[in-house]
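Here the structure is laid out as structure tokens; the discussion comes afterwards.
The values are calculated or read from the model by the stated rules, or taken from the named source; none is laboratory data. Note that the coordinates shown come from a computational prediction; the quantities given were computed from them, not determined experimentally. Virtual Cβ from ideal backbone geometry, glycine too; neighbours counted across all protein chains shown.
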Amino acid sequence: MPSSPAASNSVFRNLPSVDEMLRTSIGRQVLAATGENYAVVIIRGVIADLRREIGQDTACEHSKMHLRKLAETGLHDVWRSEQSTGIYHVINATGVVIHTNLGRAPLSENARRAIAGAFGYCTLEYDRETGKRGKRGLRAESLLAELTGAEGVLIVNNCAAAAFFVLTVFASGGEVVISRGEMVEIGGDFRVPDVLAQSGATLREVGTTNRTKPDDYKNAIGKNTRVILRVHPSNYRIVGFTATPSLSELAVLAHDSGVMLYEDIGSGAIIDLENVGLPDEPLVSRSIEAGVDVVTFSGDKLLGGPQAGIIAGKTVFIERLRKHPLYRALRVDKIVYAALESTLESYRRDSALAEIPVLRMLSTKKAEIEKRAAMLVKALREKPGVETSEFRFELVDGFSAVGGGAAPTASLETKLIAISHKDLSASQIEKALRLSNTPVITRITNDRVIIDLRTVAENEDADLVAIISHLFGQNSS
Ligand SMILES: *Cc1c(COP(=O)(O)O)cnc(C)c1O
């Protein structure tokens, strides 16, 4: 239907001005956060969008009030979507302990304090005894050496960088022998063959997917072979009719042939995690003991510290890496060292299970989670509004996950809170929680929103009650 220009012109006159929008509550909020220049830009955008919309819809009545409401809603949406790209604290109610999308390991209280202390000037490369330049990373490296039994340690940006670095320095232009059972992909963007190709080494696959024998390695070693690579398959298990040489067998074989043995164990445990329910996680110290020349692992998986790639091994190899120009490009900053040092100190004083959140969460018993879940549900039911609403809160049995590509077969029993509502769909509830001021990340199973308190810090239980009742309480009261 052709629109009358006069009519839509008068409708356009009802659009709010930029100044008017800057005085609304959302306008003031945007102004305070971004400053005037940017606030004006996004408000103009919102008004222009609105103008386009009503241009196609002149049949409707558009009062000044109505248009301002629409513009405010539009500004709200634009602002929220812009903010959703930043980094914010979330409550992880997924039950996945090492959640790569949610920042992997949450840091310990000590690590948080250490970071705060390193924010400003700090002793990153300064020796207080001599008043001269000190060695960067010395304390974190010595603690790691002590805890793993390695002669030397070097710390880089992450485990992928560590693997790339080791292979580039020691295998570039030569051959790397690896079992077909270990040509794995870890978490989508770390694929062993790709890292190898990037490092300039040639891949020499041996054995079969399920079985590789010492002779398979032995027969593959030639004058161009530089490295035997062992990769911990992390998020993947081959079970049944399987065989693979032990690390010490491989070490003997490698050293008899004058090649290096390098193991990428990915997560890598510093202490035995059998008591935590992870009997199969390889210990870094066991790899060192077995005679690997170099082993690499992540700082923010089972270790429970900041993102980092740790290279541990024999002095000759570690020192060659330290002197290599690539190290300068891969090294970490003061914040990482500070967090790593204090995380490792928890291990040294034997309080890792109590102090390091990843290990504490993994070792939490189902009964304890159930108790918290019951208390939380009780608190929710007592909240005015929630109590009388159409919500259902049920406690159901389930499993948490280690995540981070570690221990894919571990089964961590837990008690879940399942939330459903008479009128709201599970995805509406899930979305509202995800978009709340402190986002709560949940999952949906069988049309119910699932909360697993294993990954929620105990001091966040009260926050959870407040968030849920704030979101859904008033609606129904
Ligand atoms: C996770 C993992 C990596 C990658 O580690 P990042 O620290 O994420 O770079 C590499 N190798 C193995 C075996 C892993 O499990």
If I filter the range 254-277 down to residues being touching an Asp or Glu at 6+ places or on another chain (Cβ under 7 Å), aliphatic (A, V, I, L, M) and outside any loop (DSSP other than H, G, I, E, B), which single residue comes out as nearest to the ligand (Cβ to nearest atom)? Ala269
How many residues are buried (at least 20 other Cβ atoms within 10 Å of the Cβ) and farther than 30 Å from Asp272 by Cβ if we restrict to the range 394-417? 1
When the residues of the range 217-230 are filtered to those that are away from the ligand (no atom under 16 Å from the Cβ) and among the β-branched types (Val, Ile, Thr), which remaining residue is surrounded by the fewest Cβ atoms within 10 Å (Cβ to Cβ)? Ile221
Return the residue satisfying two criteria in turn: it lies in the range 204-238 and is out of contact with any helix residue (DSSP H, G or I) (no Cβ under 6 Å at 6 or more places or on another chain) and acidic (Asp, Glu), and of such residues it is farthest from Ala162 (Cα to Cα). Asp215
What residue, of Pro306, Pro233, Pro245, is within 15 Å of the ligand (Cβ to nearest atom), crowded, with 21+ Cβ neighbours inside 10 Å and not in a strand (DSSP E or B)? Pro306
When Glu249 is run through (1) over 17 Å from Val192 (Cα atoms); (2) touching a residue at least 60 places away in the same chain (Cβ under 8 Å), the failure sits at (2)
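When you check Ser436 against the structure, is it at pLDDT below 95 and either out of contact with any Gly (no Cβ under 8 Å at 6 or more places or on another chain) or assigned to a strand (DSSP E or B) (or both), yes or no? Working first, answer last.
Numbers: at pLDDT below 95: yes; either out of contact with any Gly (no Cβ under 8 Å at 6 or more places or on another chain) or assigned to a strand (DSSP E or B) (or both): yes.
Here the answer is yes, as Ser436 does meet what is asked.
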Residues in the range 167-213 that are in a loop (DSSP other than H, G, I, E, B), within 16 Å of the ligand (Cβ to nearest atom) and not aliphatic (A, V, I, L, M): how many? 4
Somewhere in the range 138-146, is a residue surrounded by fewer than 15 Cβ atoms within 10 Å (Cβ to Cβ), in contact (Cβ under 8 Å) with a residue 40 or more places away in the chain and away from the ligand (no atom under 16 Å from the Cβ)? yes
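Could you tell me whether Val284 is away from the ligand (no atom under 16 Å from the Cβ), under 18 Å from Thr343 (Cβ atoms) and surrounded by 22 or more Cβ atoms within 10 Å (Cβ to Cβ)? Walk me through it before giving the result.
Values: away from the ligand (no atom under 16 Å from the Cβ): no; under 18 Å from Thr343 (Cβ atoms): yes; surrounded by 22 or more Cβ atoms within 10 Å (Cβ to Cβ): yes.
Judged against the criteria, Val284 is not a match.
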Report whether or not Thr455 is touching a strand residue (DSSP E or B) at 6+ places or on another chain (Cβ under 6 Å) and among the polar types (S, T, N, Q). yes
Condition broken by Thr94, with the remaining ones in (1) surrounded by 17 or more Cβ atoms within 10 Å (Cβ to Cβ); (2) among the hydroxyl-bearing types (Ser, Thr, Tyr); (3) more than 17 Å from the chain's Cα centre (by Cα) satisfied: (3)
Among the residues of the range 439-465, the number that are loosely packed, with under 14 Cβ neighbours inside 10 Å and part of a helix (DSSP H, G or I) is 3
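Please go through the range 287-303 and pick out each residue that is buried (at least 24 other Cβ atoms within 10 Å of the Cβ) and of a type outside the set (S, T, N, Q).
Of all residues in the range 287-303, those buried (at least 24 other Cβ atoms within 10 Å of the Cβ) come to 287, 292, 294-303.
Passing the criteria: Val292, Val294, Val295, Phe297, Gly299, Asp300, Lys301, Leu302, Leu303.
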Does Asn210 qualify as being at pLDDT below 90 and more than 25 Å from the chain's Cα centre (by Cα)? yes
Name the single residue, out of those in the range 376-412 being of a type in the set (Val, Ile, Thr) and within 30 Å of Asp280 (Cβ to Cβ), that is farthest from the ligand (Cβ to nearest atom). Val396
In the range 309-332, which residues are touching a residue at least 40 places away in the same chain (Cβ under 8 Å) and within 16 Å of the ligand (Cβ to nearest atom)? Gly309, Ile310, Ile311, Ala312, Gly313, Leu326, Leu330, Arg331, Val332
What's the number of the condition Ala373 fails, among (1) within 16 Å of the ligand (Cβ to nearest atom); (2) surrounded by 14 or more Cβ atoms within 10 Å (Cβ to Cβ)? (1)
